[in-house]
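Take a look at the structure below.
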Amino acid sequence: GALVYQYPRRTICKSGTSMRMECQAVGFQATSVAWYRQSPQKTFELIALSTVNSAIKYEQNFTQEKFPISHPNLSFSSMTVLNAYLEDRGLYLCGARGRNTGQLYFGEGSKLTVL
Amino acid sequence: GQQVQQSPASLVLQEGENAELQCNFSSTATQLQWFYQSPGGSLVSLLSNPSGTKHTGRLTSTTVTKERRSSLHISSSQTTDSGTYLCAIASNMGYKLTFGTGTSLLVDP
């Protein structure tokens, strides 16, 4: 079946350092990958949408300088949280759209704690 | 923009009881997803149901597109069902899912 695997599941980093998280599509090819964040006590918000062969589109309040994304092929995407601070804490969720079905598949999220 | 409201905000049940969770949204949804978030924070995608009725295990989702609402029915609840249930929708075939704030479910033994 189709799965989205996110790594790491949990990470703790020191304030001012960076953390890279990965999103792997297993069993299908992902034409697009979306990254979301759920901050403490808040619901999920879209960070950016990455489509193969197109520019990555960031939502308001999120920038490439802060959250650079790499989407080199139809199976893999990574996003880095640069210079993380307390306000970057939360659960980062990856969603991928299947090339053949158009269906969305989601990972379990990568939880970031910043000390 | 799109708004998603879930009710009730929280629910406490005895094991074995059924749960009915509601999701109302402000614009036509082409995609509707129900998620379960564990107390530890991990997210599980439960059902994709933009219209009609879908079943999986003890879960039944019914979406009435015209009325902009969806429900998630959990039958014979178990303590392991405790957690937060999130509804998320998109108004087109894009990715901008708008999430509700969730229903927090506690199932007592």
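The values are calculated or read from the model by the stated rules, or taken from the named source; none is laboratory data. Note that the structure is predicted; figures quoted are calculated from it, not measured. Positions of Cβ are generated from backbone atoms using ideal geometry, with glycine treated the same way; all protein chains shown enter the neighbour counts. Heads up: the accessible areas ignore ligands, DNA and RNA and are worked out on the full protein's heavy atoms, side chains in. Shrake-Rupley method; radii C 1.70, N 1.55, O 1.52, S 1.80 Å.
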Quiz item: In peptide A:103-112, how many Cβ atoms from other protein chains are near each Cβ within 10 Å, on average?
Solution: 4
Quiz item: Considering amide H positions built from the backbone, and no H for Pro or chain starts, which residues 5 or more places from B:THR101, or on another chain, come under 5 Å of its amide H?
Solution: B:GLN6
Quiz item: In straight Cα distance, which lysines are under 26 Å from A:LYS111, not counting same-chain residues fewer than 8 positions off?
Solution: A:LYS14, A:LYS42, A:LYS57, A:LYS66, B:LYS96
Quiz prompt | Cβ-defined net charge surrounding B:GLU17, 11 Å radius [Lys, Arg +1; Asp, Glu -1] | solution = -4
Exercise. Show B:ASP81, B:ASP108 ordered by accessible area, largest first, where the area counts protein heavy atoms only and the probe is 1.4 Å.
Key: B:ASP108, B:ASP81
Exercise. Go through region B:29-46 residue by residue and turn each phi into a ³J(HN,Hα) via Karplus (6.51, -1.76, 1.60, θ = phi - 60°); whole Hz please, and just put x for glycine and proline.
Key: 9, 8, 9, 9, 10, 9, 10, 10, 10, 6, x, x, x, 5, 10, 10, 7, 8
Exercise. Run the quick spin-label model on B:THR65 and B:GLN22: label points 7 Å from Cα toward the beta carbon, then report their separation in nm to one decimal.
Key: 2.3
Self-check item: Shape of the protein assembly as shown, Cα gyration tensor, a/c cut at 1.5
Solution: prolate
Quiz item: Calculated FRET efficiency, A:THR113 and A:THR63, Cβ-Cβ r, R0 22 Å, to nearest 0.05?
Solution: 0.50
Quiz item: Given H placed 1.01 Å from N in the peptide plane, which residues other than close sequence neighbours of A:GLU108 have an amide H under 5 Å from its amide H?
Solution: A:GLN6
Self-check item: Burial order of peptide ranges A:36-47, B:11-22, A:101-112 (average beta-carbon count within 10 Å, highest first)
Solution: A:101-112, A:36-47, B:11-22
Quiz item: With every protein chain left in place, what is the accessible area of A:LEU49 in Å² (1.4 Å probe, nearest 10)?
Solution: 40
Self-check item: Shielding by partners - mean other protein chain Cβ count within 10 Å, residues of A:39-45
Solution: 4
Quiz item: Hey, got the average number of other protein chain Cβ atoms within 10 angstrom for residues in A:85-91?
Solution: 1
Self-check item: Rounded percent of accessible protein surface that carbon and sulfur make up, chain A, 1.4 Å probe
Solution: 48
Exercise. Using all C-alpha to C-alpha distances in chain B, build P(r) with 5 Å bins and read off the rounded percent in each one.
Key: 3, 14, 25, 26, 19, 9, 4, 1, 0
